[in-house]
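Participant: For reference, the structure I am asking about is given below.
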Amino acid sequence: SVAGISIERDRSVYRLRKSEERYRSLFESVDYGLCVMKAVRDPTGKPIDFRFVECNPAFVRYTGFEGAPGKTALEVVPDLDPKVIDACVGVVTTGEQARFEYYARDWGRWFDLHAFRFGKPDCGNFAVFFKDISRRKRAEAREHFFATLGDALRPLVDPVEIRDAAARVLGRHLAASRVFYGEVSEDGEYLVGGSGYADRVAPMCGRYRLDDFGPGGRKTAHEGHSLAQADVARDPALTQHEKATCRRLHVGAQVVGRGVGDQAGQG
């Protein structure tokens, strides 16, 4: 009867609404980052990018990016690893799930990602669950660093060899161009660089005026401050002369810390 059809339709609408409510509740409350994406295809139909359709609050919390929906993955992360694109293409085209770890350089975090097809096979939609594993990755990196450092120093006795070996291990661990130890001269005006680690740049051996590196260099040497400059060329605290000194020495970024006694370390 008409009444029976109407009742069944109402029940279907109710079940659909409850299903959507459960989905929305899960989507909003899950502690994993979650986004739904849709393939962007070239004229031949090949997926070449992926547009964000929906992102949950945890996605924003992990990435700090609120405006993702409507944008593509390459618009949000222009230097996205091609391996990630390839993995997502595989999910869309084959339906096979993909799970991998990825370092998001723009956000400075490691993520464990799980991507799977979402919806009908031909719709091009898929979802990505991810969680922040940066703490674990940093712990693993520290453990590896100290194990490598211990292996390198164990057979050594000479202090200079120990110093240089430590600089070499640290330089490789940080992927730095240069790591060295230096001493402040007796008059307090110069940093006297010793041997250390250098990769494709000249080692900083010799005497360098502390003031040529800006106010941070003197504070580090005399007051025990630490100094970190991610981009020397854009640092507003440095004068043009100080920036020119850094360019001449091929210093694009640096971390400086006070060591034992009057020794300072710079990379």
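The values are calculated or read from the model by the stated rules, or taken from the named source; none is laboratory data. Predicted model, so just to flag it, every value in this text is computed and none were measured. Here Cβ is always computed from backbone atoms with ideal geometry, including for glycine, and neighbour counts include all displayed protein chains. Accessible surface is based on the protein model in full, side chains and every heavy atom, while ligands, DNA and RNA are left aside. Shrake-Rupley method; radii C 1.70, N 1.55, O 1.52, S 1.80 Å.
Participant: Identify the residue in the stretch 32-45 that is open to solvent by 40 Å² or more (accessible area, probe 1.4 Å) and either among the hydrophobic types (A, V, I, L, M, F, W, C) or touching a Lys or Arg at 6+ places or on another chain (Cβ under 8 Å) (or both) and, among all such residues, is farthest from V91 (Cα to Cα).
Facilitator: Y32
Participant: On to the next question. In this structure, is D212 farther than 20 Å from C246 by Cβ and acidic (D, E)?
Facilitator: Against the criterion (farther than 20 Å from C246 by Cβ and acidic (D, E)), D212 does not qualify.
Participant: Also: What number of residues within the stretch 46-102 are touching a Phe, Trp or Tyr at 6+ places or on another chain (Cβ under 8 Å), touching a residue at least 24 places away in the same chain (Cβ under 8 Å) and open to solvent by 70 Å² or more (accessible area, probe 1.4 Å)?
Facilitator: So the answer is 1.
Participant: Something else: Can you find even one residue in the stretch 109-126 that is under 19 Å from the mean Cα position of the chain (by Cα) and at pLDDT below 90?
Facilitator: For the stretch 109-126, residues under 19 Å from the mean Cα position of the chain (by Cα) and at pLDDT below 90: present.
Participant: For the stretch 131-140, how many residues are open to solvent by less than 40 Å² (accessible area, probe 1.4 Å) and in contact (Cβ under 8 Å) with a residue 12 or more places away in the chain?
Facilitator: Looking only at that region, the number is 2.
Participant: Within the stretch 186-207, take every residue that is farther than 14 Å from H250 by Cα and among the charged types (D, E, K, R) and give me the one that is surrounded by the fewest Cβ atoms within 10 Å (Cβ to Cβ).
Facilitator: D187
Participant: Next question, about the same structure. Tell me which residues, restricted to the stretch 234-250, are charged (D, E, K, R) and open to solvent by less than 100 Å² (accessible area, probe 1.4 Å).
Facilitator: Within the stretch 234-250, D235, E242, K243 qualify.
Participant: Testing V128 on (1) open to solvent by 80 Å² or more (accessible area, probe 1.4 Å); (2) touching a strand residue (DSSP E or B) at 6+ places or on another chain (Cβ under 7 Å), one condition comes back false. Which one is that?
Facilitator: Failed condition: (1).
Participant: State all residues of the stretch 169-202 that are of a type in the set (D, E, K, R) and either without any contact (Cβ under 8 Å) to a residue 12 or more places away in the chain or at negative phi (or both); if no residue qualifies, say none.
Facilitator: Within the stretch 169-202, R172, R178, E183, E186, D187, E189, D199 qualify.
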